[in-house]
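What follows draws every value from the coordinates through simple rules; no lab data is involved. Everything quoted here is computed from the prediction, not taken from an experiment. Here the Cβ positions follow ideal geometry from the backbone for every residue, glycine too, while neighbour counts run over all protein chains shown.
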Amino acid sequence: MAIKVHGYAMSTCTARVLLCLSEKGLEYEVVPVDVANGAHKQQPYLSLNPFGQIPAFEDGDVKIFESRAISKYLARKYKDTGIDLLGSSSLTVSTIVDTWMEVESHQFNSPMQAIIRQMIVNPIFGIATDEKIIETELEKLGKVLDVYEERLSKCKYLGGDFYSLADLHHIPYLVYFMRTPKSSVITSRPHVSAWWNDISSRPATVKVAETMKV
Ligand code: GS8
């Protein structure tokens, strides 16, 4: 049975899953969820994601939610298809990849999500942007990126000298962030900038980013 991703490509969490599928060169179907009419807050969608959020994922009998858990499932199940995204060569290497996946979830995601909400999502819904929130969250993001700058001065990618899920998980928010007037937060840090240039030009990234239209 074909892989199904319930969501829509402009959603960053859906895009995270689509990026992983594209890297692996897997066939999939995107099943649109009528978020505008609240379909994600009702059955039958709640049986796929009880938190009423997108995406949700089906691979035959396997049903999963949480975009990062879905990408890890894909990377593990299809370890030998396309490139290894887990640093599977040793326990130490895979743990370093895990560490930077955790950093994305717990350090990078929060300020980035707040900034994208203010600068991209709110204008779509006619909600005023709060400059104070943007300033505060940019400061937090800058501190996180200073750590990235140091890390990326030592290796080409976050997990080491190979591309992994640790890098891939960052891509959806960065696609939107780089379209804002604040993109210099990335380009002013030479190693972070080189990293972004590299990961954003991967064919899988280019393909998914083209579908991320707001
Ligand atoms: C977050 C899902 C989420 O926030 C994941 O899958 O990674 N940790 C989860 N989904 C958002 C769209 S993200 O672009 C969503 O469903 N928002 C609508 C809502 O919460 O009602």
**Item:** Contour minus Cα-Cα distance for LYS77 and LYS132 (0.36 nm per residue)
**Value:** 15.4 nm
**Relative contact order for the chain, counting Cα pairs under 8 Å that sit 6 or more residues apart, in percent** = 22
**Asked** Between SER200 and ASN122, 0.36 nm times their residue separation minus their Cα-Cα distance comes to what?
**Response** 25.6 nm
**Request:** Multiply the residue separation of LYS140 and ARG179 by 0.36 nm, subtract the distance between their alpha-carbon atoms, and state the gained length in nm to one decimal.
**Result:** 12.1 nm
**Prompt:** So how far, in whole Å, is the C-alpha centre of segment 1-28 from the one of segment 147-194?
**Reply:** 21
**Global form of segment 49-103, assessed from the alpha-carbon gyration tensor, a/c cut-off 1.5** = oblate
**Complete:** With ASP198 itself left out, Lys, Arg at +1 and Asp, Glu at -1 over residues whose Cβ is under 9 Å from its Cβ give +1
**Request:** Any of LYS79/LYS207; LYS79/LYS213; LYS4/LYS24 with alpha carbons more than 25 Å apart? Name them for me.
**Result:** LYS79/LYS213
**Request:** Take LYS4, LYS207 and order them by how many other Cβ atoms sit within 10 Å, fewest up front.
**Result:** LYS207, LYS4
**Item:** J(HN,Hα) series, segment 164-171, from Karplus relation 6.51 cos²θ - 1.76 cosθ + 1.60, nearest Hz, glycine and proline x
**Value:** 8, 4, 4, 7, 3, 4, 7, 4
**Request:** Enumerate the amide H contacts of VAL31 below 5 Å, restricted to partners 5 or more residues apart or on another chain; note that Pro and chain-start residues carry no placed amide H.
**Result:** VAL5, HIS6, GLY7
